[in-house]
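Structure first, commentary second.
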Amino acid sequence: MVLTGISSFRDNKTPLEMIDLPEPVPKEGEVLVQVSACGVCHTELDEIEGRTPPPALPIIPGHQVVGRVAGAGKKAKRFHTGERVGIGWIFSACGHCAACLAGDENVCEEFKATGRDANGGYAGFMTVPENFAYPIPDIFSDAEAAPLLCAGAIGYRSLRLTNLKDGQNLGLTGFGASAHLVLKMVLHKYPSSRVYVFARSQKEQAFARELGAVWAGNTEDEPPEKLHSIIDTTPAWKPIIEALKNLVSGGRLVINAIRKEDTDKDNLLRVNYPNHLWLEKEIKSVANVTRRDISEFLRLAAEIPIKPEVQEFSLEEANRALVELKEAKIRGAKVLRMD
Ligand SMILES: [Zn+2]
Ligand SMILES: [Zn+2]
């Protein structure tokens, strides 16, 4: 399924087109992967509608890919034929810049994203550098593993960036798919920590308590104790200001949102230096993922275990899956199956 042009879902409900392409040939250090499942992500909507446009078209989208190694280019020896692997958002990075050498390949200037800067997994086959593919733990089916490769890995990264230690309090502002996963990870990894959830709807608050949060309230509520770190997954600004006031001295707010909308930006004028920033409070954003995030998260997800609820579509139904994601029709991760 290829994307040939940028358009809005309002005007075009079938932005992807099914075409026949020759099987890709793995270059040096790359493997050929026969795709069996590929998750459908909000980032695909951003690519199609031009908010994060692919630098060149046509392109095959898809960056939550599970499949089996079906061939290898020169010098690619890491996997044997038939081995199951996963591929995530990071397709490659230069490997030798200061960021890469420091383990921050997610911010490498030559960072390439799967399905945006290189062909992805909405296809029968794809190629990827072998060092950017991951063994998939046996407990997951292909379709279950696919969604873990994006939202789960990025949630894991945001949790890692909080520098949380067991026993410290964590806040989650916004309680969507990624925050659910983070809550499950915290309960497992930091059993003595308490999690506080800030969400607008009563339903989300109740769900958070059910999953193990010790407290859930509205965005502007003040929890009974200060928090060591807070992860924000909302597209708005008000939760940022509200979260900062709830941090301990030296506490950190991690923003796990690709972009913030301008509609409530006037909230930033409410910043009160003594309450919101003084005493060494920090703000850090999360960008992309590293290979370390993906492989560590896959191991953790198998250990907990975290098994996502999935809704399957055939490859031909990719446009319908995207429209349903855009319209937020049914909950559960959408996954394309190639059979
Ligand atoms: Zn994604
Ligand atoms: Zn680099």
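A few remarks follow.
- As a proxy for reagent exposure, MET185, MET18 were ordered by neighbouring Cβ count within 10 angstrom, fewest first; the result is MET18, MET185.
- Only Cα pairs under 8 Å and 6+ residues apart enter the sum, and on that basis the relative contact order of the chain stands at 19 percent.
- With q set to 0.11, 0.13, 0.14, 0.22 Å⁻¹, the log10 of I(q)/I(0) for region 70-197, from the Debye formula over equal scatterers at the Cα positions, is -0.51, -0.69, -0.79, -1.32.
- Annotation: amide H-H contacts under 5 Å for ALA216 (H modelled 1.01 Å from N, sequence separation of 5 or more, or interchain): VAL197.
- Tensor-based shape of region 216-288 (alpha-carbon gyration tensor, a/c under 1.5 rounded, otherwise prolate or oblate): rounded
- Here the residues TYR190, TYR156, ranked from fewest to most Cβ neighbours within 10 Å of their Cβ, fall in the order TYR190, TYR156.
- Three-way shape label, the chain, alpha-carbon gyration tensor, a/c 1.5: prolate
- Placed amide H near ALA72: partners under 5 Å, 5+ positions off or other chain: LEU32
- Relative to the longest principal axis of the Cα atoms of the chain, helix 202-211 runs at roughly 80 degrees.
- Relative contact order %, region 65-134, counting alpha carbon pairs below 8 Å whose residues are six or more apart: 32
- Look at TYR122, TYR134 and count the other Cβ atoms within 10 Å of each Cβ; fewest to most, that gives TYR134, TYR122.
- Gaussian network model of the chain, springs between alpha carbon atoms under 10 Å - residue of PRO135, PRO24, PRO308 with greatest fluctuation: PRO24
- Amide H contacts of ASP232: THR173, VAL254, ILE255, ASN256, each under 5 Å away and 5 or more positions distant or on a separate chain (H built 1.01 Å from N in the peptide plane; Pro and chain starts excluded).
- Region 159-221, relative contact order [Cα under 8 Å, separation at least 6], %: 33
- Under the Karplus curve 6.51 cos²θ - 1.76 cosθ + 1.60, θ = phi - 60°, whole-Hz ³J(HN,Hα) for region 103-114, x wherever Gly or Pro sits: x, 9, 5, 5, 10, 4, 5, 9, 3, 10, 9, 5
- On Cα atoms only, tilt of 291-303 relative to the major axis of the chain in degrees: 80
- With Cα atoms defining each centre, region 68-140 and region 264-339 are spaced 20 Å apart in the structure.
- Per residue, the chain reaches -6500 deg cm²/dmol at 222 nm when only DSSP H runs of four or more residues are counted, each adding -39500 (n - 2.57).
- From phi via Karplus (6.51, -1.76, 1.60), per-residue ³J(HN,Hα) for region 12-24 in Hz, x at Gly/Pro: 9, 8, 10, x, 9, 10, 7, 9, 9, 10, x, 4, x
- Neighbourhood charge, 13 Å Cβ-Cβ cut-off, centred on GLY88 and excluding it, Lys, Arg +1 and Asp, Glu -1: +2
- Against the main long axis of the alpha-carbon atoms of the chain, helix 177-189 sits at an angle near 70°.
- Across region 126-134, coupling constants 3J(HN,Hα) worked out from phi with the 6.51/-1.76/1.60 Karplus curve, θ = phi - 60°, read 8, 10, 7, x, 4, 6, 10, 10, 10 Hz, and Gly and Pro carry x.
Read-outs: derived from the displayed coordinates by stated rules, not from any lab. Not measured: the values here are computed from a predicted model. Cβ coordinates were reconstructed from backbone atoms using ideal geometry, including for glycine residues, and neighbour counts include every protein chain displayed.
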